[in-house]
Amino acid sequence: MTETVATRLRKRFHGPKYLLALPAIIWYLLFFALPIAFIVFYSFGTKDSTKLLPVDFSHLSTHSYSAVFDETFFKTFRGTLRISVIATAMCVLIGLPVAYFAAFKVPEKWKAIILAAVVVPSFTSFLIRTVAWRIPLAPNGTFSKWLVGMGWIGQSGIQILETPLAVQIAIVYNYLGFMILPLFVALDRIDVRMREASKDLGAGRVATFFGVTLPLAGPGIVAGVLLTFIPMCGDYVTATVLGGAKGNMIGAMIASQFSGAQNWPLGSAMAILMIAAVLLSLGVGFLAMKIVPLISSLASPAVQNLRRKMHARTLEQAKHIKPRTRTKIEVLPKVLGVWTALVLVFLFIPILLVFLHSFNNGGSFTIWSGKSSTKWWGELFNGGEMVGVLVRFAALLVIGIVIKRLLKGRNNVPK
C-alpha cells in the first residue's frame, strides 16, 4: 500500500525542467555574477581612503578607465598575454604526448597510475608549489652552485629569479595538469577502430594522427586551453612570488591596487578591461579555429593529391624496407614513455624539494645549510593546531565510510 501511494505521488509531481539546475544557477549568480557586478559598480567610483570601503559613490565617473590607459598597464598586459599564450602552447606540446601515451600505449592499470601521478601534485597548496621554485632557481642555491662547479654557467650563478622566465617556468608547471586531464579524456574516448581503419586504408602513423586522432581530440584541446589560458591571465601569485618588477603580470598589478594602493576603483577598472581583453583573445582564437577548416577545405584538392603521392611513395619504400628500419619505427612507445616519465619527474620536483628542505637545519627556505634536522617537524607537532587538524580529518573519514556503507546497504535492500 505504501509503495502504491509513493508511486502515485512520484508520478503526480511534474516540476519545471530547470528545477534541477536551480542550485547551480543560484550558486552562479551569488558567487560569479554578483561579484562581477560589484566590480563593475566600483569601477565608476572614486578613491576615498577615509572610508572602510575605500570607494566614494557620490560622483560616479569613468575617470578610473581613463587612468588605466597608460604605458605601464599596456606593457604589463602585453607581458601577461605573451606569458599566457606561450605557457598555454607549451602545456599543449608537453601534455599531448603524455595524454597520448596514457590513452593508447599502456594497459588499463597503468592509465590510473599515470593520471594519479598527474593529479597528486595538485594536492599541495598552489602557493607552496610556486614558492618551491625559488629553491632550484636561487642564484646561491645548491643547484646553482653545482652548475657553477661543473663550469656550465658563470660564477654569478642562475640569474632567473625576478624575471619573466621564472614566471614562465612556474606557470607552465602549475597548469600543466589542467591540460593533460582533458586531453586524456578526449583521446581515451576515440574509438580505436577508427584509427585502425585509417591505417588499413593506407594512412601512416603521421597521417592517422593528424587526420583522425587530432581532429577527434579537438574538444579536449579546446577544454584544456580554456582551463589554462583564462586562469593564467588572472594569475597573480606566480608573478608576485617569482616575477618581481621584471616579471610582473596584470593579476599582480590588480591585486596591488586593492591591497597596497587601496585604489579599488582603478583596480576594478583594470579587472573589467582584463576580462574584456581575455574574452576578445578567446574570440580571436575561436574565429581562427573557424577560418582554418575553411582554408583547409579550399586546399583539399591539393592536399589529397599530395597524400596520394606520399601514399604511393610509402608503398614503394615498404617493398625495400629493412629490418633495422622496422625496429626503429617501434621506438615511438619507448620515446613517449621516457617523455611521460620526465614530465612526471618535472611535476614532482618542487614537492620533493619542499620535503627535503623541511629537514634543513638552517633558517633559510631556499638555501640548504648542509646539515639536516627535524626541528621544524617538532615545532609543527608541538602545537595543538596540527592535532586538531588530524582529529577533524579522522572524523570526516569515519563519517564518509559510514555514509558509504549506509548507501551501499540501502541499494542492496530487495524491492
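The values are calculated or read from the model by the stated rules, or taken from the named source; none is laboratory data. Quick caveat, the model's predicted, so the values are computed rather than measured. With ideal geometry, Cβ positions are generated from the backbone for all residues, glycine too; neighbour counts draw on all protein chains shown.
Quick one: which of 162, 196 is in the same structural domain as residue 113 (by TED's automatic domain parsing), touching a Leu at 6+ places or on another chain (Cβ under 8 Å) and of a type in the set (D, E, K, R)?
162
Aliphatic (A, V, I, L, M) and closer than 22 Å to residue 278 by Cβ: is that true of residue 212 in this structure?
Details: aliphatic (A, V, I, L, M): yes; closer than 22 Å to residue 278 by Cβ: no.
Answer is no for this residue.
Just for helices (runs of 4 or more DSSP H) wholly inside the stretch 38-121: which have at least 3 residues that are of a type in the set (D, E, K, R)? Spell out the reasoning first.
Details: elements: 63-68, 71-104, 108-119.
Of the helices (runs of 4 or more DSSP H) lying wholly inside the stretch 38-121, those with at least 3 residues that are of a type in the set (D, E, K, R) span 71-104, 108-119.
Listed here are the residues, each with its yes/no results for (1) touching an Asp or Glu at 6+ places or on another chain (Cβ under 8 Å); (2) assigned by TED's automatic domain parsing to the domain that holds residue 266.
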site: 48; (1), (2): yes, no
site: 57; (1), (2): no, no
site: 83; (1), (2): no, yes
site: 94; (1), (2): no, yes
site: 121; (1), (2): no, yes
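Select from the stretch 355-389 the residues that are in contact with a strand residue (DSSP E or B) (Cβ under 9 Å, 6 or more places away or on another chain), in a loop (DSSP other than H, G, I, E, B) and surrounded by 12 or more Cβ atoms within 10 Å (Cβ to Cβ) and list them in ascending order.
Of everything in the stretch 355-389, those that are in contact with a strand residue (DSSP E or B) (Cβ under 9 Å, 6 or more places away or on another chain), in a loop (DSSP other than H, G, I, E, B) and surrounded by 12 or more Cβ atoms within 10 Å (Cβ to Cβ) turn out to be 359, 361, 367, 368, 369, 373.
Mind listing whichever residues of the stretch 352-382 are at pLDDT 80 or above and among the polar types (S, T, N, Q)?
358, 360, 361, 372, 373, 374, listed by residue number.
Give the residues of the stretch 135-158 that are of a type in the set (S, T, N, Q) and assigned to a loop (DSSP other than H, G, I, E, B), sorted by residue number. Reasoning before the result, please.
Initially, the stretch 135-158 is screened for residues of a type in the set (S, T, N, Q), giving 140, 142, 144, 155-156.
Within the stretch 135-158, 140, 155, 156 meet the criteria.
Restricting the stretch 206-224 to residues that are β-branched (Val, Ile, Thr) and surrounded by 17 or more Cβ atoms within 10 Å (Cβ to Cβ), which is nearest to residue 90 (Cα to Cα)?
Filtering the stretch 206-224 down to residues β-branched (Val, Ile, Thr) leaves 206, 208, 212-213, 221-222.
Cutting the leftovers down to surrounded by 17 or more Cβ atoms within 10 Å (Cβ to Cβ) gives us 208, 212-213, 221.
Working: 208: 23, 212: 22, 213: 20, 221: 13 Å.
Here the answer is 221.
Residues 112, 89, 116, 67: which one is surrounded by fewer than 18 Cβ atoms within 10 Å (Cβ to Cβ), more than 28 Å from residue 235 (Cβ to Cβ) and either touching a residue at least 40 places away in the same chain (Cβ under 8 Å) or in the same structural domain as residue 235 (by TED's automatic domain parsing) (or both)?
On the way: 89 fails: more than 28 Å from residue 235 (Cβ to Cβ); 116 fails: more than 28 Å from residue 235 (Cβ to Cβ); 67 fails: more than 28 Å from residue 235 (Cβ to Cβ).
112 is the lone residue from the list that is surrounded by fewer than 18 Cβ atoms within 10 Å (Cβ to Cβ), more than 28 Å from residue 235 (Cβ to Cβ) and either touching a residue at least 40 places away in the same chain (Cβ under 8 Å) or in the same structural domain as residue 235 (by TED's automatic domain parsing) (or both).
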